[in-house]
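What follows is a short report on a single structure.
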Number of protein chains: 2
Amino acid sequence: MTGAPDIRQIEDAARRLAPVLRKTWLFESERLNTHIGGRLLVKAETLQPTGSFKIRGAWNRISRLSPGELSRGVFALSSGNHGLAVAWAARQAGARRIVILMPVDAPRTKIEQTRAFGAEIIAYDRRTADRNALVAQWRNDQGLIYIPAFDDAEIIAGAATVAYETVQEAAASDIAIDLFTAPCSGGGLIAGSALALRSLSPKTEIWGVEPEAYDDTARSLSAGERVAVSASGKTICDALLSLTPGELTFTINRKSLSGIVRASDDDARVGMKAAFEEFGLVAEPSGALALGAILTGRMDVQGRTFAVVLSGRNVDLDLYRREIADTALVDPSPARLAG
Amino acid sequence: MTGAPDIRQIEDAARRLAPVLRKTWLFESERLNTHIGGRLLVKAETLQPTGSFKIRGAWNRISRLSPGELSRGVFALSSGNHGLAVAWAARQAGARRIVILMPVDAPRTKIEQTRAFGAEIIAYDRRTADRNALVAQWRNDQGLIYIPAFDDAEIIAGAATVAYETVQEAAASDIAIDLFTAPCSGGGLIAGSALALRSLSPKTEIWGVEPEAYDDTARSLSAGERVAVSASGKTICDALLSLTPGELTFTINRKSLSGIVRASDDDARVGMKAAFEEFGLVAEPSGALALGAILTGRMDVQGRTFAVVLSGRNVDLDLYRREIADTALVDPSPARLAG
């Protein structure tokens, strides 16, 4: 499928997810609301069984595979969260073989958990590997079904259910969402959310949040075409390292996004600490980037209602302990560096 | 009310909580199940708005106050979680004045959050203060309504809804719970849970878990009467420092409990780390004590289905970072000390 999913495909994804995944909660904190001078609803995808929103797209895609396809098996390339999700969904669906290609520098916890779901882990160097060649090799030589991380209509429709649920739960409490924001890497989460919001809440602005060093979607929007960033940038946001937007996601995002906010590692730290202190939720740096960007004032929040996706939690304990150490939480001054 | 609540009072509490609190999730981890050789369902009370199960009893009690009582105001003595819950519930109910008496060494985060809910904080020294005299003073001199932390039928009925929900959710998946366990301090959570289980799941064993240095319920059960422990014991479990069981809770617990397990600070650390790694949930040492005690082998788990309450999350970040540092998680050998 090459076209963008429509609202019926998103509703169908939501129905497909309902029997296997609980609806994640929207959290709210009075202290954070006071701090931003607006209203903040935090969609806690960290509560998912694999600790990130990626499970939605993976299940929506893999649950549609035929018995013949499942008997061949599946594979995915992933810095971690998509791989975990594919392994979980493929085992749930009964795939004969699950192969996840992960960068050698992926977080240990993501590697171990993926293996625990029964996947074979193949390491690659994300700075030098030719991803297209890797995909071709595993598809053609091994005959496995490729499950893309974001550039696929069913993956996007699955991710779209994040916004779909958010709008429905907010509406049940008569809350209109002025602005929806989420971390952006390949762009599937924000593209899917944009499609859902276009139908269900057309007045809602949609903003993606990218790490400063991996602002490929921001640059591509400016250029009017997909451009690539360097793989040498440094960031603690290991799940947001895409070098160029997806074809399909960019087609959607250039029509739908209000824009992209560039955020720093300090923003990620602030988001992680806020999730810890206000909700008792562990968040990984990438997962907390959009929350942090709101709290440090990178978006105009005054008097508005924001929905923000806390998109993942899979972080090594040592990094977690180090990064949230001394970060200012709801201090209105710019966040300080940890340590 | 001086008698133990019956199942109708527990059902009534559940109805009263339904409009204001979501049902907390039961989490399960394949890795933990494999580690214990049984099945473990973790009831995540850390997801509550005040971060602990205490909100259930506080709301069940305070939502019954008359307009006249609310216009006088309420007060409570608490090491933290009960105070937070009373402040939340009293503000929700519209109490004119909220006073929380807290030990001077209570965690900073609990003090700050309680104040953020609009409570006046009065500090006392938990080693020297005469709690009865304090209660009499605030009740008589200030005319405030006292909200006890555990020794009260409505507080116990509220706490009982933890087990009530757990059994209902498990039953919906055809799961029978062999053993229910929770941290024990004054004994309200475990007493209420015992009452709920007696009606809904009479074959379920019920075990409390106490810190080794504050094993007043264990000692009282052995002695056949309420005995006190010293206030000089050391533990990181700041929410489990009661010196003697409650009158009502002990009356219930001596009839209902299978027993008490004594657990160490290392057990608490193991529980905290498991909650972090498996579920992305922050837990405070006291809240994770029962989970940790299961994981370190203090209960016979082989082939059995356990429900365990992860009862609270309110922990200062520095302590959290320090205590979960190097603790072994699902290592079958005894847990190592942090640092």
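The values are calculated or read from the model by the stated rules, or taken from the named source; none is laboratory data. The model shown is predicted, which means the values in this text are computed figures rather than measured ones. Virtual Cβ from ideal backbone geometry, glycine too; neighbours counted across all protein chains shown. Note: areas computed on protein heavy atoms with side chains; ligands, DNA, RNA excluded. Shrake-Rupley method; radii C 1.70, N 1.55, O 1.52, S 1.80 Å.
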With DNA, RNA and ligands ignored, accessible area of B:Glu154 (1.4 Å probe; Å², nearest 10): 20
1.4 Å probe accessible area per residue over chain A, in Å²: 36
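Between beta-carbons, use under 13 Å as the cut-off and find the net charge around A:Arg126, counting Lys and Arg +1, Asp and Glu -1. Each step should come with its number before you reach the end.
Details: positive: A:Arg127, A:Arg131; negative: A:Asp105, A:Asp125, A:Asp130, A:Asp238.
Around A:Arg126, the charge tally is -2.
With a/c under 1.5 counting as rounded, go ahead and sort chain A into rounded, prolate or oblate using the C-alpha gyration tensor (a ≥ b ≥ c being the square roots of the eigenvalues; past the cut-off, prolate if a/b is larger than b/c, else oblate). List each step's numbers first, then the result.
Numbers: a/c = 1.55, a/b = 1.32, b/c = 1.17.
Because a/c hits 1.5 or more and a/b exceeds b/c, chain A counts as prolate.
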Candidate lysines for bridging to A:Lys203, where Cα separation is under 30 Å - those fewer than 8 sequence places away on the same chain excluded: A:Lys23, A:Lys43, A:Lys54, A:Lys255
Rg followed by Dmax, in Å, when the protein assembly as shown is reduced to its Cα trace: 25.2, 83
Computed accessible area, A:Thr34, all protein chains, 1.4 angstrom probe, square angstrom: 110
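Let me check something: with ligands and nucleic acids excluded, how do B:Glu69, A:Glu45 order by accessible area (1.4 Å probe), largest to smallest? List each step's numbers first, then the result.
Working: B:Glu69 60, A:Glu45 0 Å².
Order by accessible area, largest first: B:Glu69, A:Glu45.
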Among A:Ala93, A:Gly73, A:Thr109 the positive-end extreme of the charge dipole of the range A:55-146 (Cβ point charges): A:Ala93
Dipole magnitude of the protein assembly as shown about its Cα centre (Cβ charges: Lys, Arg +1; Asp, Glu -1), debye to nearest 20: 840
Theoretical ellipticity at 222 nm over chain A - DSSP helices of four or more residues, -39500 (n - 2.57) apiece, nearest 500: -12000 deg cm²/dmol
Accessible surface of the protein assembly as shown [probe 1.4 Å, protein heavy atoms]: carbon and sulfur percent: 47
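Take the alpha carbon gyration tensor of the range A:55-146, find the square roots of its eigenvalues, order them as a ≥ b ≥ c, and report rounded if a/c is under 1.5; if not, report prolate when a/b exceeds b/c, else oblate.
Details: a/c = 1.97, a/b = 1.25, b/c = 1.57.
Note, shape of the range A:55-146 comes out oblate.
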Label distances, nm, A:Lys234 versus same residue in remaining copies, Cβ-directed 7 Å point: 4.0
Protein-protein interface of the range A:22-38, residues with accessible area decrease of at least 30 Å², isolated chain reference, 1.4 Å probe: A:Arg22, A:Trp25, A:Glu30, A:Arg31
Straight-distance crosslink candidates among aspartates and glutamates, where the alpha carbon sits under 14 Å from B:Lys273 and sequence neighbours closer than 8 are dropped: A:Asp316, A:Asp318, B:Asp265, B:Glu284, B:Glu323, B:Asp326, B:Asp331
Euclidean distance between Cα centres, the range B:188-216 to the range A:1-59, Å: 36
Over the range A:192-339, relative contact order from alpha-carbon pairs under 8 Å, at least 6 apart, %: 21
Computed label-point distance, nm, for sites B:Ala325 and A:Asn140 using a 7 Å Cα→Cβ extension: 5.3
Inter-chain shielding of B:311-322 (mean C-beta neighbours from other protein chains, 10 Å cut-off): 3
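Which percent, to the nearest 5, of DSSP beta bridges fully inside the protein assembly as shown are antiparallel? Present the calculation step by step, with values, prior to reporting the outcome.
Working: 7 of 67 bridges.
About 10 percent, rounded to the nearest 5.
Can you put B:Phe53, B:Phe306 in order of accessible area, largest first, using a 1.4 Å probe?
Details: B:Phe53 30, B:Phe306 0 Å².
Accessible-area ranking of B:Phe53, B:Phe306, largest first: B:Phe53, B:Phe306.
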Around A:Arg304: net Lys/Arg minus Asp/Glu count, Cβ-Cβ under 10 Å: -2
Highest-MSF residue in chain B out of B:Ser78, B:Ser256, B:Ser66 [GNM, Cα springs under 10 Å]: B:Ser66
Nearest-to-axis residue of chain B, judged by beta-carbon position, where the axis maps B onto A, in Å: B:Arg321, 2
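Find the relative contact order for the range B:55-146 and round it to a whole percent, using C-alpha pairs within less than 8 Å whose residues are 6+ positions apart.
Numbers: 141 pairs, mean separation 27.9, N = 92.
So the answer I get is 30 percent.
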Whole-Å distance, taken between Cα centres, linking the range B:65-124 and the range B:270-290: 26
7 Å along Cα→Cβ, label-point gaps from B:Asp174 to other copies, nm, shortest first: 4.4
